[in-house]
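The values are calculated or read from the model by the stated rules, or taken from the named source; none is laboratory data. Every value quoted in this text rests on a predicted model; they were computed, and no experiment measured them. Neighbour counts run over all protein chains shown; Cβ positions are idealised from the backbone, glycine included.
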Amino acid sequence: MTLRRVRNEDSAGIISLIESCFAEYPGNVLDVDGEEPELRQPADGFPAFWVVEDEQGTIVGCIGLGLSNAPIAELKKCYVHASQRGQGWGRKLEQEVVAQALRRGCQAVELWTDTRFTLAHQVYEALGYRHTGQMRELHDLSQTVEYHYQKQLQG
């Protein structure tokens, strides 16, 4: 297993990974061109993005960094294939985002997560993120409602 920076040619593998994760939750639809076009060029679409590849070169994990609300970084697109969960990859990916956020002088990392992703909520809370009580509706094809989480950083 290898953790590395993303390349634009990783797009298809990332999309496949996210589609497999969405398939675990009825009603979730990944509309790349309509709602997530940055996934077509992930190295260009995010300030930083990482993937985990297995021995066959299949992408089995990913995470991105967003920087739209300084001094708060945003954890984006955190997905780990079901076959790789429980092995620490979510933590390793999150640590990459936190390290990059600290290097950029951020004081916190925030994220928005689908209310249906209950396992992800448990992982985020174990990593020190706290639910802020905020929610938002995306008005997307999946009719997504998201919870807001935030983690204060100590640099």
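The set of residues from the stretch 1-28 being under 21 Å from residue 48 (Cα atoms) and in contact with a helix residue (DSSP H, G or I) (Cβ under 8 Å, 6 or more places away or on another chain) comprises 1, 3, 5, 6, 7, 8, 10, 11, 14, 15, 18. Based on this model, can you work out whether residue 6 counts as β-branched (Val, Ile, Thr), at pLDDT 95 or above and out of contact with any His (no Cβ under 8 Å at 6 or more places or on another chain)? The answer is yes for residue 6.
Anything in the stretch 1-35 that is acidic (Asp, Glu), outside any helix (DSSP H, G or I) and over 25 Å from residue 56 (Cβ atoms)? List them, or say none. 31 - this is the single residue of the stretch 1-35 that is acidic (Asp, Glu), outside any helix (DSSP H, G or I) and over 25 Å from residue 56 (Cβ atoms).
Exactly one residue out of 80, 60 is within 24 Å of residue 116 (Cβ to Cβ), at pLDDT 95 or above and touching an Asp or Glu at 6+ places or on another chain (Cβ under 6 Å): that is 60. Of the strands (runs of 3 or more DSSP E) contained entirely in the stretch 37-119, those carrying at least 3 residues that are touching a residue at least 12 places away in the same chain (Cβ under 8 Å) and under 23 Å from residue 25 (Cα atoms) fall at 59-69, 72-80, 108-114.
If the condition is being part of a loop (DSSP other than H, G, I, E, B), in contact with a Phe, Trp or Tyr (Cβ under 8 Å, 6 or more places away or on another chain) and over 24 Å from residue 92 (Cβ atoms), then the stretch 127-155 contributes only 142.
For the stretch 122-134, state whether one or more residues are surrounded by fewer than 17 Cβ atoms within 10 Å (Cβ to Cβ), hydroxyl-bearing (Ser, Thr, Tyr), modelled with pLDDT of 95 or more and at negative phi. Taking every residue of the stretch 122-134 in turn, at least one turns out to be surrounded by fewer than 17 Cβ atoms within 10 Å (Cβ to Cβ), hydroxyl-bearing (Ser, Thr, Tyr), modelled with pLDDT of 95 or more and at negative phi. When residue 20 is tested against (1) in contact with a strand residue (DSSP E or B) (Cβ under 7 Å, 6 or more places away or on another chain); (2) touching a residue at least 60 places away in the same chain (Cβ under 8 Å), only condition (1) is not met. Scanning the stretch 113-148 for residues that are within 15 Å of the chain's Cα centre (by Cα) and under 12 Å from residue 72 (Cβ atoms) returns a single hit, 148.
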